[in-house]
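The values are calculated or read from the model by the stated rules, or taken from the named source; none is laboratory data. Please read these numbers as outputs of a predicted model, since none were measured by experiment. Every residue, glycine as well, gets a Cβ built from its backbone with ideal geometry; the counts of neighbours run over all protein chains shown.
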Amino acid sequence: MHLKERDRKLIWHPFTQEKTAEPPIAIKRGYGSYLYDTDDKPYLDLISSWWVNVHGHAHPDIAKAIHAQSMTLEHVIFAGFTHEPAVQLCEKLQPLLPGFSKFFFSDNGSTAVEVALKMAYQYWRNQGVLKRSIFLSFDGGYHGDTFGAMSIGVKSGFHTLFSDLFFSVLTIPFPATWNGDGAIESKEAYALEVLTAHLNTNGDTIVALVLEPLIQGANGMKMCRPAFVEQVVHLVQNYGILVILDEVMTGFGRTGTYFCLEQINIIPDFVCLAKGLTGGFLPLALTITTEKIYKVFWDEPLNKYFAHGHSYTANPLGCAAAIASLDLLMQPTTIQSIQAIHHTHTKEIVHLPAKHKRVTGTIAAFDVENPETLKRKCLEQGLLIRPLGNAVYLLPPYSTTVSELEKAYEKIKNILCYLLK
Ligand SMILES: Cc1ncc(COP(=O)(O)O)c(C=O)c1O
């Protein structure tokens, strides 16, 4: 029986209407920027496999690091124990995140956010501040599928069915922008007006603001200006509100710098990382915070401590993969690849017959009328894309060469021109 039929019998896929979806593409192997199906047809992975892959598939350095670690220590409970890969990973990350000194491990983007939400809430409770119980987030923001993450993503459109179960969240409009956008000033002014109104009425009851900096991923790779993020964060910080930066999608070079944080002049209280952390090899996440937060949990046994943890917390194999991936990220050739991808996006996107063209770092996006037809035709021609609504985005691994990306743009342009005829 073919793999697809065996899959059909047993497996329930994520974010998939099983009744109407096309059968899944059965992938046999990956190498570099390509995935190969069971007939050995190559697909250029233009979405980095749900935004996790950083250096290309099956990178030998990361594979070797995992293998070596698995022969030494595959796992140990992380309460009351520690190990070299976990400590080394945090030592390597800390210089990239100045001002942050405490690293809390979990398993995925949703849990990284969940941990930040709980820490922020408990930060106030531990100090006897009971009136802060509302969170602040952006319309369209997506932060994961666990209940806390869904609550703050209440206006993402993904979780509406569960909204009766959510905690209180106020939202701010997201001023999405693109090349040649003439209305951005008024969109930002309106968002700031809504925020100011929230702060005037609820400023001292808000626990924290949660935001995806510069780019809302799942909302269709919507981009905003760094100065707007700075204004928002400075305004909320005037009210003592904590700030949680969800860099789950944007971390590890995606926006052109190691983290978005380098492009925005703010000091948040939490940074959430996952996806690219292990280069796409293993699930691992971090919620990173400051001494200011940490010391509010510092007390007698079982008093004020953070009662949260997962079985696979700081899994040594995941940490070894993350160290190897970080070492690759910091190589000058990787930085050059990130810049080359950015330049290619900027140069090529202008030729596409599409709307709302936008680029930030290694991410390019545009809106089209017929995204599903484009997706189908791209797959036929060996390009893996996965539109979000009308938004089509290209978010390739850094192993993708300029020539591969230029050829992909050429194919996409031809398909779009054909569809417009
Ligand atoms: C910004 C952001 N936060 C959190 C998440 C949730 O991450 P995960 O799917 O690993 O739970 C995602 C996933 O797409 C995301 O884009």
Note to self: Every residue in segment 140-174 that is under 24 Å from ARG225 (Cα atoms) and of a type in the set (Val, Ile, Thr), please.
What the structure shows: ILE152, VAL154, VAL169, THR171, ILE172
Checklist line | Residue among GLY253, GLY309 that is surrounded by 20 or more Cβ atoms within 10 Å (Cβ to Cβ), at pLDDT 95 or above and not in a helix (DSSP H, G or I) | finding: GLY253
Notebook entry, point to check: Out of segment 187-205, which residues are hydrophobic (A, V, I, L, M, F, W, C) and either in contact with a His (Cβ under 8 Å, 6 or more places away or on another chain) or more than 18 Å from LEU170 (Cβ to Cβ) (or both)?
Noted result: ALA189
Next item on the list: Test PHE100 against the stated conditions and say whether it is under 17 Å from the mean Cα position of the chain (by Cα) and more than 12 Å from the ligand (Cβ to nearest atom).
Entry: no
Item checked: Residue among LEU379, LEU352 that is of a type outside the set (Lys, Arg), assigned to a loop (DSSP other than H, G, I, E, B) and closer than 24 Å to ASN219 by Cβ -> LEU352
Check: Out of segment 268-286, which residues are within 12 Å of PRO213 (Cα to Cα) and within 11 Å of the ligand (Cβ to nearest atom)?
Finding: CYS272
Margin query: Every residue in segment 232-273 that is in contact (Cβ under 8 Å) with a residue 40 or more places away in the chain and more than 30 Å from GLY56 (Cα to Cα), please.
Written below: VAL232, LEU235, VAL236, TYR239, ILE241, LEU242, ILE267, ASP269
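For segment 258-267, which positions are in a loop (DSSP other than H, G, I, E, B) and more than 14 Å from the ligand (Cβ to nearest atom)? Break it down stepwise before answering.
Within segment 258-267, the subset in a loop (DSSP other than H, G, I, E, B) is 258-259, 264-267.
Within segment 258-267, TYR258, ILE264, ASN265, ILE266, ILE267 meet the criteria.
Residues are listed down the side, and each one gets a yes or a no for (1) closer than 17 Å to TYR142 by Cα; (2) of a type outside the set (A, V, I, L, M, F, W, C):
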site	(1), (2)
PHE167	yes, no
ALA176	yes, no
ASN179	no, yes
GLU185	no, yes
LEU192	no, no
LEU199	no, no
GLY203	no, yes
VAL207	no, no
LEU214	yes, no
Next item on the list: Hey, can you tell me all the residues within segment 1-37 that are under 24 Å from LEU395 (Cα atoms), out of contact with any Ser or Thr (no Cβ under 9 Å at 6 or more places or on another chain) and polar (S, T, N, Q)?
Entry: THR16
Notebook entry, point to check: Conditions: (1) in contact with a strand residue (DSSP E or B) (Cβ under 9 Å, 6 or more places away or on another chain); (2) of a type outside the set (Phe, Trp, Tyr); (3) within 25 Å of GLY253 (Cα to Cα). GLY382 meets all but one. Number of the miss?
Noted result: (3)
Notebook entry, point to check: How many residues does segment 221-250 contain that are over 24 Å from ASP145 (Cα atoms), in a loop (DSSP other than H, G, I, E, B) and polar (S, T, N, Q)?
Noted result: 1
Item checked: Selection within segment 268-288 - crowded, with 24+ Cβ neighbours inside 10 Å and assigned to a loop (DSSP other than H, G, I, E, B) -> PRO268, ALA274, GLY279, GLY280, PHE281, LEU284
Checklist line | Extreme residue, modelled with the lowest pLDDT, among residues of segment 125-176 that are closer than 30 Å to PHE366 by Cβ, within 14 Å of the ligand (Cβ to nearest atom) and among the hydrophobic types (A, V, I, L, M, F, W, C) | finding: PHE158
